[in-house]
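A short worksheet on the structure shown next.
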Amino acid sequence: MDHEKNNQNDPLTPPNVPQTPPPSGNQGEFQGGNSRGLSESDAKLWATLSHMGFVIGGFITPLVIWLIQRDKSEFVATHAKEALNFQLTVMAAVLVGVILMVLGIALGPLAIITSIMMFIIFLGAGIGSLVLGIMALIEANKGNYYKYPVNFRFIK
């Protein structure tokens, strides 16, 4: 016992400090959704990338992100699903435009009118996809959820 008292008075011996266990819980994980394996910054990055389908890969980008990350983060899954539905909506609009253009060409004299209409539709779909996609990826990067104003829910 005297030996313990001597060690307590020795300036080179550290004091006996009780060790506290590390805090439990998911403090480093994204709080904006049910995250099971992604940090906040990773969840925001994947959600942001899912909205970049209009630039890289169309509907393939959000589809792959949704399939890979849906079990890891609810936030990423929600954004990827929303982006996938939007890209499928844009693709459907373009497909309808192509069909109408082919029908217009087949009708002969109306080809010029339908071609002009379809050009306007394609231009609107392209610009709309770009603007809405940028708005969505900005919100995802901030950690907010985003719903496209014009979107068919193909995947629920």
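Placing pseudo-labels 7 Å out from each Cα toward the beta carbon at V150 and M117 gives an inter-label distance of 1.6 nm. Our summary gives region 90-156 a relative contact order of 23 percent, counting only alpha carbon pairs under 8 angstrom and 6 or more residues apart.
Could you provide, to the nearest whole Å², the per residue accessible area of region 34-84 with probe 1.4 Å? Mind showing how you got there, number by number?
Working: 2250 Å² over 51 residues.
Ligands and nucleic acids excluded, the figure is 44 Å² per residue.
The values are calculated or read from the model by the stated rules, or taken from the named source; none is laboratory data. Just so we're clear, the structure is a prediction, and the values are computed from it rather than from any experiment. Backbone-built Cβ (ideal geometry, glycine too); neighbour counts: all protein chains shown. Accessible surface areas use protein heavy atoms only, side chains included; no ligands, DNA or RNA. Shrake-Rupley method; radii C 1.70, N 1.55, O 1.52, S 1.80 Å.
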